[in-house]
Amino acid sequence: MSFEVVAAPPDALYDEDKLPAFTLPDPLLCEDGTPVTTQEEWVNKRRPEIFKLFEEHVYGRAPQAPAKVSFKQLYEDKNALDGKAIRREVEITLVDGPEPVVMTMLIYQPHSDKPVPAFLALSFYGNETITSEPGIRLNTNWMRSTDDKGIVDHKSTEASRGTASSRWPVEMIVERGYALCTIYYGDIDPDVDDDFQNGIHPHFKKPGQTKPAADEWGSIAAWAWGLSRGLDYLEVDETIDAKHVSVFGHSRLGKTSLWAGASDPRFALVISNNSGCGGAALSRRRYGESVKRINTSFPHWFCDNFTKYNDNEDACPVDQHELISLIAPRPVYVASAVDDQWADPKGEFLSCVYAGPVYRLFGTSSFGGGGLIPGEPVVGHVINSSTIGYHLREGKHDVTDFDWVQYLDFADRHFKAR
Ligand code: GTR
C-alpha cells in the first residue's frame, strides 16, 4: 500500500528552457480531420470524442447513476454560527445492504425564504474538520494519517474538530448568500492504493471481475461520481437552488472537481484550486509533477491506461486544456499559487488559454482573445471578467480567504441573472 508521497524528485523539471517542445491536440479538430466550426458540431461530435478519450485514457469510465440513491437528514440546527446560519447533515446512501456505502453531506446555509445557490466540495478529512461546532458528527471512516488533524489509528477524534477551518471560510460564504456543502472524499473511496477492494468500486464489478479494467474508473473518477450523487441530493432539496451549484476542489480534489464538471453538465460553475498534474496543468509541459511521477506515487487515482503515457506524454490523445474545454460554455475558474511550482502554475494558466477557442465558439468571453490577457500568469492579477477565470496568488499550495473571495465574486458575476 502506498499512502503519501514525497518531496519532488531531483529530476523534476523546473526550468522553462529545459522543457521539451510539444504540440497540443487541437480541441476543434475532429478525429476524422474535419474542423469544428459550429456549436452543434462541438456538442454532437467533437465534445463526445474528447470526453470518451479522457474516460478511456485518463480517468476511467464510471458507471451510470445507480437506480436508487436514498437521502436522510440527520438533524437541522437553525442556530448555527451564533444564529447566522442553518447547519444540517444529510446521509446519502450510495449502496444499501450488508456493506453499505454512505456519504455524509454537511450543509451550512443562510437563513433565506428562497432557494440559495451552493458550493459543493469534497474535503480531505471529515465534516467535523470544517468548523469547530461541536454538533457535527465525527466521521467514523478510515482517514489518512497526518500530524495536524487529530487522526488516531486512521480515525477522526474530538481533536479533529475545526482543524481544516482555515480552508473553509464558512461565515463569509453564508454571509454572501451561498450554501457550503461538503463531503469527506473517503466516504466514497478511501484514498489508498488497495486494488479497489474497498469504497464504491467493488459494488460495480462485473461477475468474475476483481478490479476495474484499464479503462474503468480510478479514484478520481469515483470521487467525481460521488459529487454527482451529492448533486442528485441537492436537486431534491427545496432550500437549495440546484441550477446554481459550483463544484469546488483543491489539489487532487481540484482534479476531481474538473472531471466532475466535465462529466456532469448539471454543475453550473467549476473551480479548480491548485489542481496541477492530471488537473488543470498541461501534461506535455512535464514541468513539476509529471505523469510518470503521479502514476507512481498514486497508482489508484487514474485509470491504468494512463500509465501508457509515463515519460510518453506526447502519445496521449488528449491534454488538459481539453478537460477545461469540456466544461464550455459554463464558467470555470482555475487558481494557482506561486510557491506551488509542483502544480505548474504556468501550465494551469496555459490550459485556460488553449481552451479559449472552444469558449469563443459559444460566443463567451475567454482567455486568449482581445489582448486583455497577459501571455504569462502575473502574481496577484485576477482575471475574472471572462467565462474562464484565473489567478496566481502569493503563497503555498493551500486554500486561502483570498481564493474564496475570488470564487464568490466569480459566482456572483455569473449567477447575477438568477
Ligand atoms: C501531491 C500530488 C499532487 C496533489 C497533492 C494533493 O502529493 O503530487 O498531484 O494532488 O498531492 O492532492 O494534496
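Computed quantities for the displayed model
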{"item": "Cα-based shape type of region 120-205, given that a ≥ b ≥ c are square roots of the gyration tensor eigenvalues and the cut on a/c is 1.5", "result": "oblate"}
{"item": "Beta bridge orientation in the chain: antiparallel %, DSSP, nearest 5", "result": "45 percent"}
{"item": "Sulfur and carbon atoms: percent of accessible area, the chain [1.4 Å]", "result": "51 percent"}
{"item": "The chain shape via C-alpha gyration tensor axes, a/c threshold 1.5", "result": "rounded"}
{"item": "When each of Lys52/Lys211; Lys84/Lys149; Lys155/Lys255; Lys68/Lys243; Lys292/Lys346; Lys149/Lys346 is checked by Cα-Cα distance, pairs over 23 Å", "result": "Lys84/Lys149; Lys155/Lys255; Lys149/Lys346"}
{"item": "Largest-first ordering by accessible area, 1.4 Å probe, given options Met105, Met172", "result": "Met172, Met105"}
{"item": "Alpha-carbon Debye profile of region 264-315, log10 I(q)/I(0) at 0.16, 0.18, 0.24 Å⁻¹", "result": "-0.52, -0.63, -0.92"}
{"item": "Cβ charges +1 (Lys, Arg) and -1 (Asp, Glu), total dipole of the chain, debye", "result": "760 debye"}
{"item": "Fluctuation leader among Ile324, Ile136, Ile271 - the chain, Gaussian network, Cα springs under 10 angstrom", "result": "Ile136"}
{"item": "Accessible area of Trp42 in the full protein assembly, 1.4 Å probe (Å², nearest 10)", "result": "0 Å²"}
{"item": "Of the DSSP H helices in the chain, those whose Cα atoms cover at least 24 Å axially and whose Kyte score averages -1.0 or more", "result": "219-236, 345-361"}
{"item": "Accessible-area ranking of Arg137, Arg285, largest first, probe 1.4 Å", "result": "Arg137, Arg285"}
{"item": "Distance between region 313-343 and region 233-299 - C-alpha centres, whole angstrom", "result": "9 Å"}
{"item": "Gyration tensor verdict on region 311-407 (Cα atoms; rounded if a/c is under 1.5, prolate if a/b is larger than b/c, oblate otherwise)", "result": "oblate"}
{"item": "Descending semi-axes in Å of region 1-145, equivalent ellipsoid built from Cα gyration tensor", "result": "40, 25, 19"}
{"item": "Leu350 accessible area, 1.4 Å probe, all protein chains in place, Å² to nearest 10", "result": "20 Å²"}
{"item": "With 5 Å bins from 0: P(r) over region 21-83, alpha-carbon pairs, percent", "result": "3, 12, 14, 13, 10, 9, 7, 7, 8, 9, 6, 2, 0"}
{"item": "Accessible area (Å², per residue) of the chain, counting only protein heavy atoms and a probe of 1.4 Å", "result": "40 Å²"}
{"item": "Most to least accessible of Phe51, Phe267 (protein chains only, probe 1.4 Å)", "result": "Phe51, Phe267"}
{"item": "Relative contact order (percent, whole number), region 203-269, Cα cutoff 8 Å, 6+ residue spacing", "result": "31 percent"}
{"item": "For Glu289, solvent-accessible area (1.4 Å; no DNA, RNA or ligand), Å²", "result": "20 Å²"}
{"item": "Local electrostatic count at Lys211 - Lys and Arg +1, Asp and Glu -1, tallied over other residues with Cβ under 10 Å", "result": "-3"}
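The values are calculated or read from the model by the stated rules, or taken from the named source; none is laboratory data. Since the model is a prediction, treat every value here as computed from it, not as a measurement. All Cβ positions, glycine included, derive from the backbone under ideal geometry; neighbour counts span all protein chains shown. Each accessible area value is taken on the protein alone, full model and side chains, heavy atoms only, with ligands, DNA and RNA left out. Shrake-Rupley method; radii C 1.70, N 1.55, O 1.52, S 1.80 Å.
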